[in-house]
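Scroll down for the structure; my scribbles are underneath it.
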Ligand code: NCD
């Protein structure tokens with residue numbers, strides 16, 4: 001398991017291996033295990049949690065981090081190609097974490113680099129480290145990943161966290177509810193994957209109609225930056241605004257609300273103090289999960 005490019009490339013056993021290791025690291029930290037290693041962190045798109053938690057994870061294991069959070073300060077600005085950039089960075093580091101607005105960039109980087117590559121988000125495609133921390137959070141709450149009823153709410157067309165989590169949860173026999181306006185519903189290609197595995201799902205425009213049925217409500221931001229036409233964005237922006245009164249007394253008692261964050265206005269702050277709200281715990285879980293990813297990616301590397 002050298003690279004982490006997408007959940008679509010992982011088996012169920014590999015997923016469980018990461019989650020088990022993260023659980024172990026939570027109990028027994030390993031402050032020196034990556035001593036002397038250098039992690040390259042290449043962010044071509046804005047990030048708060050992903051970049052900082054990948055950095056924190058490296059420090060917690062004794063590794064050092066170099067990189068950039070904005071490509072404008074690099075030679076890419078002078079016209080250097082991404083391929084050359086990767087070739088150079090690979091000579092300075094032991095592992096590359098990359099986030100890029102274009103689909104497939106992490107895979108391209110992995111093909112160029114001899115060093116392991118972790119995808120920190122490639123356009124609207126995949127976000128595997130987010131999914132692993134989402135799964136870690138779900139497993140912690142329910143003590144299992146099997147047979148979970150999960151609703152995805154928000155931008156299901158462009159949301160890469162949704163795409164990756166769907167690919168993972170289908171391996172654990174989830175029941176899916178997709179809640180979105182028609183223009184940003186889940187892509188047919190992903191529904192076909194569910195059809196091929198005979199997995200049940202349904203499409204909805206309102207969460208009220210399914211809120212009493214689900215174990216997990218996974219809410220996402222409308223991905224403004226991915227819309228070609230801003231008018232299309234305006235039609236759906238602000239469409240869901242979940243408040244405490246939507247939740248209290250209306251859901252299963254142990255239903256959890258997740259969000260990869262950042263949120264804009266889709267979850268009101270009145271929800272934050274409900275025991276159901278897990279999005280801040282989720283973000284925190286990102287550190288041990290990313291520690292586990294580093295250890296497994298670097299296993300066997302010199
Ligand atoms: C997500 C992303 O970048 O895809 N953020 C994150 O990594 N936690 C979700 C988003 O930006 O809406």
Handout entry: Per-residue [θ]222 nm for the chain (sum of -39500 (n - 2.57) over DSSP H runs n ≥ 4, rounded to 500)
Key = -11500 deg cm²/dmol
Exercise for the section: Run through the DSSP bridge list for the stretch 20-149 and note the antiparallel percent, rounded to the nearest 5. Expected result: 5 percent
Fill in the blank from the handout: Of all DSSP beta bridges having both residues in the chain, the percent classed as antiparallel (nearest 5) is 5 percent
Fill in the blank from the handout: Mean separation of Cα contacts under 8 Å (at least 6 apart) over the residue count of the chain, i.e. the relative contact order in percent, is 21 percent
Fill in the blank from the handout: By Cβ neighbour count within 10 Å, fewest first, 162, 179, 236 rank 236, 179, 162
Practice task
Working from Cα positions, state the angle (0 to 90°, nearest 10) between the long axis of helix 160-169 and the longest principal axis of the chain.
Solution key: 80 degrees
Exercise for the section: Report the equivalent ellipsoid semi-axes for the stretch 169-302 in whole Å, largest first, defined as the square roots of five times the eigenvalues of the gyration tensor built from alpha carbon atoms. Expected result: 26, 21, 19
Practice task
Based on other C-beta atoms within 10 Å, arrange 152, 68, 280 from fewest to most.
Solution key: 280, 68, 152
Exercise for the section: Could you work out how far helix 49-60 tilts from the main Cα principal axis of the chain, as a 0 to 90 degree angle to the nearest 10? Expected result: 50 degrees
Completion exercise
Relative contact order as a percentage, the stretch 47-183, C-alpha pairs under 8 Å and 6+ apart, gives 17 percent
Exercise for the section: Starting from the Kirkwood radius over alpha-carbon pairs of the chain, derive D by Stokes-Einstein at 25 °C in a medium of 0.890 mPa s and give it in µm² s⁻¹. Expected result: 124 µm²/s
Completion exercise
Between the alpha carbon centres of the stretch 65-131 and the stretch 228-302 the gap in Å comes to 25 Å
Exercise for the section: Would you kindly compute the Cα radius of gyration of the stretch 75-166 and its largest Cα-Cα separation (Dmax), both in Å? Expected result: 16.2, 51
Problem - Gained length - residue 196 relative to residue 28, 0.36 nm times residue gap less alpha-carbon distance - result: 56.4 nm
Practice task
Working from Cα positions, state the angle (0 to 90°, nearest 10) between the long axis of helix 82-92 and the longest principal axis of the chain.
Solution key: 60 degrees
Practice task
For the stretch 147-231, restrict the atom set to alpha-carbon positions and state the Rg and Dmax in Å.
Solution key: 12.4, 39
Completion exercise
Taking Rh as the Kirkwood radius computed over alpha-carbon pairs of the stretch 6-165 and applying Stokes-Einstein at 4 °C with viscosity 1.567 mPa s, one gets a diffusion coefficient in µm² s⁻¹ of 77 µm²/s
Practice task
Using only alpha carbon pairs under 8 Å that are at least six residues apart, calculate the relative contact order of the stretch 198-302 and give it in whole percent.
Solution key: 29 percent
Fill in the blank from the handout: Exposure proxy check on 85, 161: fewest-to-most Cβ neighbours within 10 Å is 85, 161
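Every number here is computed from the coordinates shown, using simple stated rules; none is lab data. Nothing here was measured: the structure is a model prediction, and the numbers come from that model. Please note: Cβ atoms are built from the backbone with ideal geometry, for glycine as well, and neighbour counts cover all protein chains shown.
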